[in-house]
Amino acid sequence: MDLKRVKDYIHWLYYQYLLITCSYVLEPWEQSMFHTITVTVLAMVVYTAYVFVPIHVRLALQFFSQIFGAQPDSTV
């Protein structure tokens, strides 16, 4: 894929983002604030998922393994 097609595709994705969020009607300073808040919230969601989802999955697996009759690990 040549560089121009990739650039056009990224530009098209950004345009779709502007249309979906309706941020194309904002003034430039409002757009920058909106994008900053959006990126910050997205980063917090990704970080939270990275930190807490594996812990909850492990705890859920332990819970369901105890319910379905698996022997608990020895604490000795």
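The values are calculated or read from the model by the stated rules, or taken from the named source; none is laboratory data. Everything quoted here is computed from the prediction, not taken from an experiment. Please note: Cβ atoms are built from the backbone with ideal geometry, for glycine as well, and neighbour counts cover all protein chains shown. Ligands, DNA and RNA are excluded from the accessible area calculation, which covers all protein heavy atoms including side chains. Shrake-Rupley method; radii C 1.70, N 1.55, O 1.52, S 1.80 Å.
Quick notes
- Scan of the range 9-18 for residues that are exposed (fewer than 11 other Cβ atoms within 10 Å of the Cβ) and either in contact with a Lys or Arg (Cβ under 6 Å, 6 or more places away or on another chain) or farther than 15 Å from THR38 by Cα (or both), ordered by number: ILE10, HIS11, TRP12, LEU13, GLN16
- Tallying residues that are in contact with a helix residue (DSSP H, G or I) (Cβ under 9 Å, 6 or more places away or on another chain) and not in a helix (DSSP H, G or I) within the range 10-60 yields 1.
- Tabulated pairs, the range 9-23, first without any contact (Cβ under 8 Å) to a residue 40 or more places away in the chain, second open to solvent by less than 70 Å² (accessible area, probe 1.4 Å) and not hydrophobic (A, V, I, L, M, F, W, C), C-beta under 6 angstrom, 6+ apart or interchain: SER23/GLN31
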